[in-house]
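Before any comments, here is the structure.
The values are calculated or read from the model by the stated rules, or taken from the named source; none is laboratory data. Computed from a predicted structure; not experimentally measured. Counting neighbours? That spans all protein chains shown, and the Cβs are built from the backbone with ideal geometry, glycine included.
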Amino acid sequence: MIFKRAFIGAAVLAASATAYAQDHDARIELSAQIGWTASDGVTGSPVLAGDGNIYDSVNPRDAFSFSLSGGYYVTPNVMVEAMWDRQYSSLDLGGTNDRGLGSFNIDNVHAMIAYHFFDSNAAIRPYLGGGLGWTNYGTLDFTGNAGEGRAIDGESRFSTKWEGGIKAAAGRNLALRAGVTFTPTYVKSDASGWWCDPFWGCYVTGDAQYSNQWEFGGGLSFRF
């Protein structure tokens, strides 16, 4: 009898361990995507340049991009992840003349949280997410009017990221992924007037300008 009870107890423990492993299996997910990013820039006060033209805007060009991310499912539907993406862009000046200034990279690093719909074993899972991080505009190398090499140092700015898409199962631990991300990056504020109230007094109000990136991409996700 004691051996029978021991066998039953071992079987129950083994079944419980198997169920636990299945429930906690495939919690880590790594993804790689390639795509195309549409970007816009900001406007500013007109500046008379050395070439005789007046410029009042700077705009990153739409360009090829890719992203890498790694996440952990804290529940079957909620994943926290770190995401890095890079756009290989160039900068254009706008005004009385349009001029390409030079090439540079735009890098985004964000901590994200995403909600996945349906069961974890569903064939297709839509997802929505958002996060906080920063955008780095890399060093811009260009040629001056006299043919001399010049450079503008890069700069990092706070940004948010929003994402949405679908993941389609292509195997036990593999999924095809397609989606879009939106990254608005605060650049500056332009004074737009005054605001006065009886408690805080008067102060200058401003219109915030953002450089926005819309990335459309697709790739693979591996879970283990």
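Structure values in brief
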{"quantity": "Some residue of segment 93-104 being surrounded by 14 or more Cβ atoms within 10 Å (Cβ to Cβ) and in contact (Cβ under 8 Å) with a residue 60 or more places away in the chain", "calculated": "no"}
{"quantity": "Any hit, segment 163-182, residues being surrounded by 15 or more Cβ atoms within 10 Å (Cβ to Cβ), at pLDDT 90 or above and among the aromatic types (Phe, Trp, Tyr)", "calculated": "no"}
{"quantity": "Output for segment 44-66, where each listed residue is of a type in the set (Ser, Thr, Tyr), surrounded by 14 or more Cβ atoms within 10 Å (Cβ to Cβ) and farther than 13 Å from Gln213 by Cα", "calculated": "Tyr55, Ser57"}
{"quantity": "Index of the failed condition, Phe158 passing every other in (1) over 30 Å from Leu48 (Cβ atoms); (2) surrounded by 14 or more Cβ atoms within 10 Å (Cβ to Cβ); (3) not polar (S, T, N, Q)", "calculated": "(2)"}
{"quantity": "Only listed residue being out of contact with any strand residue (DSSP E or B) (no Cβ under 6 Å at 6 or more places or on another chain) and of a type outside the set (Phe, Trp, Tyr), chosen from Ser120, Ser90", "calculated": "Ser120"}
{"quantity": "Segment 110-133, residues that are among the aromatic types (Phe, Trp, Tyr) and assigned to a strand (DSSP E or B)", "calculated": "Tyr115, Tyr127"}
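Okay, residues lined up against (1) over 12 Å from the mean Cα position of the chain (by Cα); (2) surrounded by 14 or more Cβ atoms within 10 Å (Cβ to Cβ):
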{"position": "Ala111", "(1), (2)": "no, no"}
{"position": "Phe117", "(1), (2)": "yes, no"}
{"position": "Asn121", "(1), (2)": "yes, no"}
{"position": "Arg125", "(1), (2)": "yes, yes"}
{"position": "Gly131", "(1), (2)": "no, yes"}
{"position": "Thr135", "(1), (2)": "no, yes"}
{"position": "Phe142", "(1), (2)": "yes, yes"}
{"position": "Gly149", "(1), (2)": "yes, no"}
